[in-house]
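Report on one structure; see the data block that follows.
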Amino acid sequence: MDYSFNLYNAMAAEGVCLSLKKVLFDNRTPVVLCIGSDLSVGDSLGPVTGTKLKEKLQGLNCYVYGTLSKPITAHEVKYMNEFLKATHPDNPVIAVDAAVGLAGDIGLIKLSDRGLKPGSGANKKLSKVGDVSIMGIVAEHSMFNYSLFSATRLNIIYKMSEIISEGIASYIIENLKTAYTEENYRISVSAS
């Protein structure tokens, strides 16, 4: 299943949250892997989203990897699959990354029920990461994607990261509330 939201749609963050409910079927809290680098504006969607998400989820029992201060670039991604399987074996992984696409798709946020291959827009051959992917289309696909990535407007990255982080944070907070309520219900039933 694939879902798309335009960054100018006022309901886009709610759409991301609802889509996550459809593709993640249980109450296991997801781990969020935000991929990218702050060295190029177009590639910074992941770290900016990760930074905003950590702020929104501060103090909660959840994991976000990839921020502006500690980015997860294409070089680290190859190690992340093993790391996530070892440290979070039962948690689904949401992978967030910038992507290139058709000129008319710039500004779309695409959510899919499968992982993503980071760096594929820059012709990198990396393994798939994540169980669910959220990609922001930030530039037009061409043979010279690096130059287009550096020409990406920061405003697009900022708006997309706000929508994605708000949608994921809403999903995780609702998920944690549901798990907490179910646990309290089990405790009260067993105590009766």
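None of Gly136, Gly104 is crowded, with 21+ Cβ neighbours inside 10 Å and not in a loop (DSSP other than H, G, I, E, B) except Gly136.
Flag: Ala99 does not match the condition of being of a type outside the set (Ser, Thr, Tyr), within 16 Å of Ser133 (Cα to Cα) and in contact (Cβ under 8 Å) with a residue 40 or more places away in the chain. Taken over the stretch 69-100, the residue count meeting the criterion of being open to solvent by less than 70 Å² (accessible area, probe 1.4 Å), within 19 Å of Ser161 (Cβ to Cβ), assigned to a loop (DSSP other than H, G, I, E, B) and out of contact with any Asp or Glu (no Cβ under 7 Å at 6 or more places or on another chain) is 1. Scanning the stretch 40-55 finds no residues that are over 14 Å from the mean Cα position of the chain (by Cα), among the aliphatic types (A, V, I, L, M) and surrounded by fewer than 12 Cβ atoms within 10 Å (Cβ to Cβ). The set of residues in the stretch 10-29 being part of a loop (DSSP other than H, G, I, E, B) and touching a helix residue (DSSP H, G or I) at 6+ places or on another chain (Cβ under 7 Å) consists of Asn27, Thr29.
The values are calculated or read from the model by the stated rules, or taken from the named source; none is laboratory data. Because the structure is predicted, anything quoted here is derived from the model rather than measured. No Cβ is skipped: glycine too gets one built from the backbone with ideal geometry, and neighbour counts run over all protein chains shown. Keep in mind that these areas ignore ligands, DNA and RNA; they rest on the heavy atoms of the full protein, side chains included. Shrake-Rupley method; radii C 1.70, N 1.55, O 1.52, S 1.80 Å.
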